[in-house]
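The values are calculated or read from the model by the stated rules, or taken from the named source; none is laboratory data. None of these values were measured; they are calculated from a predicted model. Please note: Cβ atoms are built from the backbone with ideal geometry, for glycine as well, and neighbour counts cover all protein chains shown.
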Amino acid sequence: MERETIRQLRGLNDLVADAVDAGVTRTERIHRSIARYPYAVLARIGPVAAPVRAVEFVETTITGTVYGSVRLAARVGGGVVSQFLELLDARAR
Amino acid sequence: MKESATRFDPAHSLPERGVSILNGMIGDYLQQRGNELAIGMSFRHRGRPLALDAASLRAAYPALTNKLCVLVHGFCCNESVWTFPGAARGREHGNYGTRLQRDGGYTPFYVRYNTGLPIAESAAHLAALLAELAAGYPLPIAEITLIGHSMGGLVIRGACDPARAGTLSWMARVRRVIYIGTPHDGADLERFAHGATGALKAFPGHVTQLIGDILNLRSRGTKDLGAGHAPSTEGAAPWLDSARHYLLMGTLTKDPKHPVGRIFGDALVRVPVAKEAPEPEVIVFPGVHHLALAHDAAVYRCIRQICAGD
């Protein structure tokens, strides 16, 4: 493989990592701001306010973990591809 | 005076074109992040960067001449945009540069650059690159013809800002500048995108905000197209008065006075109202759309006539 191609693949890998990170973060922000509405309404009803807050906490923890895992998986995947491309580059030199 | 264009030029490959499109869309971001997809401005010879020392120039161009033509592509393109249809598959004299070499004894140089960068930045890079070429050129340069397609014309206009003339000796050699489909008065599509972004972001909804944000990701180079000139501190750079300027424009319709042709121009740029010198002489090619202007037989005949005529 030509070094120019490897360089481009490295750039593409970095760009995909940036895009996944930014996309997931943006999606998470929108998800949270939309999900907040029903909890805010239900939390105003006295008898159910406490369980609603507990459910909201569990839900945000789970979704936060899921979004975090996607970000982590993308970073690990990007790192593996990056190492592989470094190896190819070293061979091409 | 023949230069074969028969070897496959990597500039035509899908990945290379893809990288050029990506640079046009988000090139400023790529550069800011140090991403290796960001294109650095350089002259290209058969798709590869060209070193500008005398030995490399002689090796790349065995028949160097003292007349240079420099071709600067437009937004989201690379130098493959100049290639006539079919020429990439092996015909000789496949673009304006190689044809000028054959017919007029010019030595053609093709610029490739990151079209997502601000136009003023690309203009400064081009001015420096031309200075490097002039310094390394093994022959005394008699004349330089600059040819820019679309955004490339704005970059050339910025590079030829007379304010730089004192420090750049190559500028005195510029005999003529040919702008092809160049939006000196601004590009309507970018103005529309600017308006749409503002309207979407004015709405409080998450979806409209998101679409507005995505639209707003477009590069500084794209946004500069709306202004219609290489933005310097005083606005558009003045025309280089030691050179003659020509503006070659297309229209979608065969009749340039047809309302569709007048409103939409060549699909992206409208034909401006003709003005007196030093404004460019406007020449219209009816029925030739924006991209086709970069590789059209009638446009080439006109360029050849311009180069032979003064």
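With respect to the conditions (1) modelled with pLDDT of 85 or more; (2) in contact with an Asp or Glu (Cβ under 9 Å, 6 or more places away or on another chain); (3) within 30 Å of B:Ala38 (Cβ to Cβ), B:Asp266 lacks only one, and its number is (2).
If the condition is being within 11 Å of another protein chain (Cβ to nearest Cβ) and of a type in the set (Lys, Arg), then the range A:22-39 contributes A:Arg26, A:Arg29, A:Arg32. Quick one: is A:Tyr67 within 14 Å of chain B (Cβ to nearest Cβ) and assigned to a helix (DSSP H, G or I)? Taking the combined requirement at face value, the residue does not satisfy it. No other residue among A:Glu56, A:Glu4 is within 12 Å of chain B (Cβ to nearest Cβ) and either exposed (fewer than 15 other Cβ atoms within 10 Å of the Cβ) or more than 12 Å from the chain's Cα centre (by Cα) (or both) apart from A:Glu4. The residue list B:Arg58, B:Arg48, B:Arg89 contains one member that is of a type in the set (Lys, Arg), surrounded by fewer than 20 Cβ atoms within 10 Å (Cβ to Cβ) and at pLDDT 95 or above, which is B:Arg58. For A:Leu42, the criteria (1) free of Cβ contacts under 8 Å to residues at least 24 places away in the same chain; (2) within 14 Å of another protein chain (Cβ to nearest Cβ); (3) surrounded by 14 or more Cβ atoms within 10 Å (Cβ to Cβ) hold in every case but one, which is (2).
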